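> Provided herewith is a single structure, encoded as C-alpha cells, for subsequent inquiry.
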Amino acid sequence: AWARVKRRLRAELGEDVFASWFARLELEAVAGGTARLTVPTRFLKSWIESHYLDRVLNTFKAEVEEIARIEVGVRGTGAPVRPVAVGASKPSPASGPLARLHAAGAPVPVAAIASVPAESRGAEAGGDLSGTPLDARLTFASFVIGRSNALAHAAAERVAAHQGEGALYNPLYLHAGVGLGKTHLLHGIGHAAREAGRRVIYLTADRFMYGFVNALKTQSALAYKERLRGIDLLILDDVQFIQGKSIQAEFGHTINALIDAGRQVVVASDRPPTELEALDERVRSRLGGGLVVEITALDEALRVSILSARLATVRASHPGFDVSPQVATYVARAITANGRDLEGAVNRLLAHATLTGTAVTMETAESAIRDLVKNREPKRIKIEDIQKLVASRYNVSRSDILSERRTAAVVKPRQIAMYLSKVLTLRSLPEIGRRFGGRDHTTVLHAVRKIEKQIGEDSVLGDEVELLKRMLQD
Ligand code: ADP
Ligand code: MG
C-alpha cells in the first residue's frame with residue numbers, strides 16, 4: 001500500500017516536486033490509525049509538515065481508509081515526533097495545515113497544536129543567519145578556468161572585487177548542470193569578498209527556507225528579514241529548490257530590497273531563471289534582470305586540467321601516488337559528466353593504489369571508475385578516424401601515414417594505426433592495406449604482429465595504444 005501511496009503522490013504532485021520532497025519519505029509504522037513516516041532531515045520534516053501534510057494524509061486515506069493521522073519523524077535521531085503547526089503565512093494554528101486537517105474531521109493530538117518544540121528555538125530564533133559555512137578548499141585559486149566556465153569565473157571575480165559596480169551584474173545568476181562548479185564559484189566569491197572586509201552570507205536554498213520557516217515559527221520573520229538585508233553580499237545556492245507561496249514571496253522581497261539598496265546578490269541554479277517554474281513570474285524576471293551566465297559541460301581540456309590539479313593536490317600528501325599521463329587522460333575522457341565525478345575518480349584511484357600498494361595502470365583505473373563511466377553504445381570506428389587520431393597524437397599528418405615515407409617518425413604511427421584498424425574494425429588485411437595507400441596485406445600483417453609484440457614488452461607503448469583505443473571507442 002505504501003508503494004501505491006508514493007506512486008499516487010508522484011502522479012499528483014509531478015516528478016519535480018516529488019523528487020524534491022518525497023523521494024526520501026519512508027513509512028516506518030502504522031498503529032492505531034496513525035501512519036508514522038520518516039525523512040532524513042529536520043528540514044524535510046518541517047517542510048512536509050508545513051506544506052504537504054494534508055495532501056499526504058488524503059492520499060494515504062485513499063489507499064488505507066483507517067489512517068486518520070500522519071506523523072513525520074526524522075530518521076536516525078531518537079527525537080520525539082511532534083507534528084508542528086507551521087502555517088505558510090502565519091504561525092497561528094488556525095491557519096496551519098493541522099487546522100485544515102482538523103477541519104477535515106481528523107482528530108488532532110493536543111500536543112500537535114501546542115506549538116514549537118522548545119529545543120528548536122534558541123539558535124534558530126530570529127533565523128540563523130550565520131549562513132552555511134564556506135568550504136576552505138573552494139576558492140578562486142583552486143578553480144580551474146576553461147572555455148566552459150571562463151565567463152562565469154570572470155563575472156564571479158568582478159562581483160567579489162567591486163561592490164555596486166552598477167546594476168549590470170546584479171544579481172549575478174549562474175546556472176549549470178550538477179557538478180560543473182557553481183558551488184565552487186559561489187564559495188570563491190564568498191571567500192574573496194570576506195577577505196575584502198564585506199559582510200557576506202552564503203545560504204543554500206534549503207538553509208534559506210529553513211531559516212525562514214523557523215523565523216515564522218518563532219514569530220521573528222521580521223528580524224530575519226532585517227538581518228538578511230543588513231549585509232553587503234547575499235549568495236544563494238540552488239535557488240531552484242525555493243518554493244512555497246510565502247517563502248518565495250519573502251525571497252523575492254529580500255532580493256529586491258538588497259538590489260535596490262545597491263547590495264550584491266549572487267545566485268546559482270541548475271536551470272535558467274525563465275525555467276524556475278516554482279517561482280512567481282516577477283521573482284523570475286528580477287533574477288534574470290542582471291547578468292545570467294551559464295557554465296556549459298566541461299570540455300575535455302578542462303577535465304584534464306581539473307583532474308591534474310586534483311591529482312597534484314592529492315600527491316602532495318601521498319608522495320607514492322603516481323598516475324601516468326595516459327591514465328589521467330583516460331580518466332578525464334571517460335568521465336564526461338562533471339567535476340564531482342572527477343573528484344570521485346581520483347579518490348578511487350588513490351584508494352586502489354593505497355590498498356593494493358601497486359601503481360595505477362590503465363586496467364586498474366578502468367575497473368576503479370567503471371561505475372562512474374556512462375554506458376555508451378559501442379561505436380563503429382572508421383579507418384580514416386584511426387589514421388587522423390594517430391597522426392595527430394604523433395604530430396604527423398594523415399598523408400604522411402598514407403605515404404611511402406619510411407622514416408621512423410612516420411613508420412611507428414603508421415604501424416600503430418594499422419594495428420588499431422585490425423583490432424577495432426572488421427576490415428580484412430587486404431582491405432586495410434588498400435586504405436593505407438595501397439599497401440600489400442603482408443605489410444599490414446607485419447605491422448600488426450610487430451605492435452602486438454612491442455606492447456607486450458613496453459608498457460608505456462601499451463598504455464599509449466590502450467589510450468588511443470579508448471579515444472576511438474568513445
Ligand atoms: P555544482 O555546484 O555546479 O553542482 P560543484 O561546485 O559542487 O558543482 O563542483 C563539483 C566538484 O567539482 C567540486 O569538488 C569542485 O571543486 C569541482 N570542480 C568543478 N569545476 C571545477 C573547476 N573549474 N576547477 C576546479 N574544480 C572544479
Ligand atoms: Mg552545487
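> Report the residue count in the range 287-331 for those that are buried (at least 21 other Cβ atoms within 10 Å of the Cβ), within 11 Å of ligand 1 (Cβ to nearest atom) and under 17 Å from ALA345 (Cα atoms).
5
> Consider the range 178-201. How many of its residues are among the aliphatic types (A, V, I, L, M) and within 16 Å of ligand 2 (Cβ to nearest atom)?
The number of residues fulfilling the criteria is 5.
> Any residue that is part of a helix (DSSP H, G or I) and either among the aliphatic types (A, V, I, L, M) or at pLDDT below 85 (or both) - is there at least one of those in the range 265-273?
No: the range 265-273 contains no residue that is part of a helix (DSSP H, G or I) and either among the aliphatic types (A, V, I, L, M) or at pLDDT below 85 (or both).
> Six or more apart or on different chains, Cβ atoms under 6 Å: show the pairs whose first residue is in the range 244-261 and part of a helix (DSSP H, G or I) and whose second is among the polar types (S, T, N, Q).
Filtered contacts from the range 244-261: SER246/SER89; ILE259/ASN170.
> Take THR204 and decide whether it is touching a residue at least 24 places away in the same chain (Cβ under 8 Å) and either within 16 Å of ligand 2 (Cβ to nearest atom) or over 28 Å from the mean Cα position of the chain (by Cα) (or both).
yes
> Can you work out which of the residues in the range 421-444 that are out of contact with any Leu (no Cβ under 7 Å at 6 or more places or on another chain) and of a type in the set (A, V, I, L, M, F, W, C) is surrounded by the fewest Cβ atoms within 10 Å (Cβ to Cβ)?
LEU426
> Answer yes or no as to whether GLU466 is in the same structural domain as GLU343 (by TED's automatic domain parsing), of a type outside the set (Ser, Thr, Tyr) and under 39 Å from the mean Cα position of the chain (by Cα).
no
> So which residues in the range 228-240 are outside any loop (DSSP other than H, G, I, E, B) and crowded, with 18+ Cβ neighbours inside 10 Å?
LEU228, LEU233, LEU234, ILE235, LEU236, ASP237, VAL239, GLN240
> Let me ask something else about it. Sort through GLY146, GLY190 and tell me the only one that's part of a helix (DSSP H, G or I), within 16 Å of ligand 1 (Cβ to nearest atom), touching a residue at least 24 places away in the same chain (Cβ under 8 Å) and surrounded by 17 or more Cβ atoms within 10 Å (Cβ to Cβ).
GLY190
> Run GLY344 past the list (1) under 26 Å from ALA155 (Cα atoms); (2) within 16 Å of ligand 1 (Cβ to nearest atom); (3) of a type outside the set (A, V, I, L, M) and report the number of the one that doesn't hold.
(1)
> If LEU180 satisfies every condition in (1) among the hydrophobic types (A, V, I, L, M, F, W, C); (2) within 13 Å of ligand 1 (Cβ to nearest atom); (3) surrounded by fewer than 20 Cβ atoms within 10 Å (Cβ to Cβ); (4) assigned to a loop (DSSP other than H, G, I, E, B) but one, which is the exception?
It is condition (3) that LEU180 fails.
> For the range 27-45, how many residues meet the condition of being in a helix (DSSP H, G or I) and charged (D, E, K, R)?
The number of residues fulfilling the criteria is 2.
> Something else about it: Checking the conditions here, which among ARG284, ARG271 is within 16 Å of ligand 2 (Cβ to nearest atom) and either without any contact (Cβ under 8 Å) to a residue 12 or more places away in the chain or surrounded by fewer than 19 Cβ atoms within 10 Å (Cβ to Cβ) (or both)?
ARG271
> Ok, one more. Pick from ALA417, ALA447, ALA391: which is assigned to a helix (DSSP H, G or I), crowded, with 18+ Cβ neighbours inside 10 Å and under 37 Å from the mean Cα position of the chain (by Cα)?
Sole residue among the options that is assigned to a helix (DSSP H, G or I), crowded, with 18+ Cβ neighbours inside 10 Å and under 37 Å from the mean Cα position of the chain (by Cα): ALA391.
> So, in the range 46-56, how many residues would count as being part of a helix (DSSP H, G or I) and either farther than 18 Å from VAL74 by Cα or of a type outside the set (A, V, I, L, M) (or both)?
Residues meeting the conditions: 7.
> Within the range 34-61, track down each residue that is crowded, with 22+ Cβ neighbours inside 10 Å and aromatic (Phe, Trp, Tyr).
Scanning the range 34-61 gives TRP47, PHE60.
The values are calculated or read from the model by the stated rules, or taken from the named source; none is laboratory data. As the structure is a prediction and not an experimental result, all values here were calculated from the model. Heads up, the Cβs are rebuilt from the backbone with ideal geometry, glycines too, and the neighbour counts pull from every protein chain shown.
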